[in-house]
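These notes concern the structure reproduced below.
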Amino acid sequence: MSTNVPNILFMGTGLMGFPMACRLVSAEFPLTVWNRTPDKAAPLAERGAKLADSPAEAARQADIAVAMLTDGAAVADVLFKQGVADAMRPGALVIDMSSIKPKEARAHAARLASRGIAHLDAPVSGGTLGAVEGTLAIMAGGERADFERAAPVFAALGRATLVGPAGAGQLAKLANQAIVAINIGGVAEALLLAAAGGADPASVREAIRGGFADSRILEVHGERMLKRDFVPGGRINVHIKDLNNILEAAHEAGLRLPVSETLLKLMVAVRDELDGGGYDHSAVLLALERMSDGRRVGTAPDRLPKG
């Protein structure tokens, strides 16, 4: 392992991964990027990153490999089927910033450890804006020594906290996603109640802000609902995946989480009944409106993602 600035491989340059990779380039890390669809990674070459034809090719020279991929199956495929784990040197570090199941993170950590490769599961919260601004909340699971080694990388991306051993970062992300989903549902119900009862929902939102019910969700997603802007920052499909993982982890722990179950049903309704899997998760509002005889928040036309 190099004692100088680490060579970083970044895998996955989607909505979140692209701005995160930009932050690492701006922080002057030697960065190689790979994406399944090469065109999505190509603009990073103009910023100073190298492009890799395959993840294994770049992994040979990487001190740290960062993954920001769709789900646990995608992470396992890249690490163990496409050759990243075999290509990395003993002593290297994998930081998986994808949102996957805690048991998958623990399994990946064990398989990498058998090869002498360290692992942190370090999912993030803060959305695309946080990725652009470098203000992500990073929840890390793993060994403290590996967390400290990753600190300069995390510092370029946001604020990192070590929350426990392998898999604990993913548990923290599931807790985060439960809170986000439930708050989005609460804000949607509140604004719909205000509008249906004859109050101005935008003014109600302003009146609530600064009080006990204020939140980042009320600020950001409340504004999205009022403007009816459902072009995604966070996609319904991704949050459905997270809610399914939440309920699976709850079942494994012997818990029942009925509020999370309800939000999953609402998001599935947006996906299946409105063909809205690609909509922003604030589009939970659309499912509630559909259940409420067409009562509506705001007068603007719906702004939906193309395609």
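Filtering segment 249-276 to residues that are part of a loop (DSSP other than H, G, I, E, B) and either among the small types (Gly, Ala, Ser) or over 27 Å from Thr299 (Cβ atoms) (or both) leaves Ala253, Gly254, Leu255, Arg256, Leu257, Gly276.
The number of residues in segment 70-94 being modelled with pLDDT of 95 or more, closer than 13 Å to Ala105 by Cβ and buried (at least 19 other Cβ atoms within 10 Å of the Cβ) comes to 3.
Restricted to segment 60-69, and to residues that are in contact with a Gly (Cβ under 8 Å, 6 or more places away or on another chain) and assigned to a loop (DSSP other than H, G, I, E, B), which residue is surrounded by the most Cβ atoms within 10 Å (Cβ to Cβ)? Ranking the candidates gives Met68 first.
When we screen Ile182, Ile208, Ile236, Ile246 for residues that are under 29 Å from Thr299 (Cα atoms) and either crowded, with 20+ Cβ neighbours inside 10 Å or touching a strand residue (DSSP E or B) at 6+ places or on another chain (Cβ under 7 Å) (or both), the only hit is Ile236. Taking the numbered list (1) of a type in the set (A, V, I, L, M, F, W, C); (2) part of a helix (DSSP H, G or I); (3) buried (at least 16 other Cβ atoms within 10 Å of the Cβ) in turn, Leu129 passes all entries but (3). Among residues of segment 240-262 that are touching a residue at least 24 places away in the same chain (Cβ under 8 Å), those with a beta-carbon under 6 Å from a residue that is of a type in the set (Val, Ile, Thr) and surrounded by 14 or more Cβ atoms within 10 Å (Cβ to Cβ) at least six positions away or on a different chain give the pairs Val259/Ile182; Ser260/Ile246.
For segment 16-59, give me the residue count where each residue is within 14 Å of Ala131 (Cα to Cα) and surrounded by fewer than 17 Cβ atoms within 10 Å (Cβ to Cβ).
2
The values are calculated or read from the model by the stated rules, or taken from the named source; none is laboratory data. Model, not experiment: these values are computed from the prediction. Because the Cβ atoms are built from the backbone with ideal geometry, glycine has one as well, and the counts that use them run over all protein chains shown.
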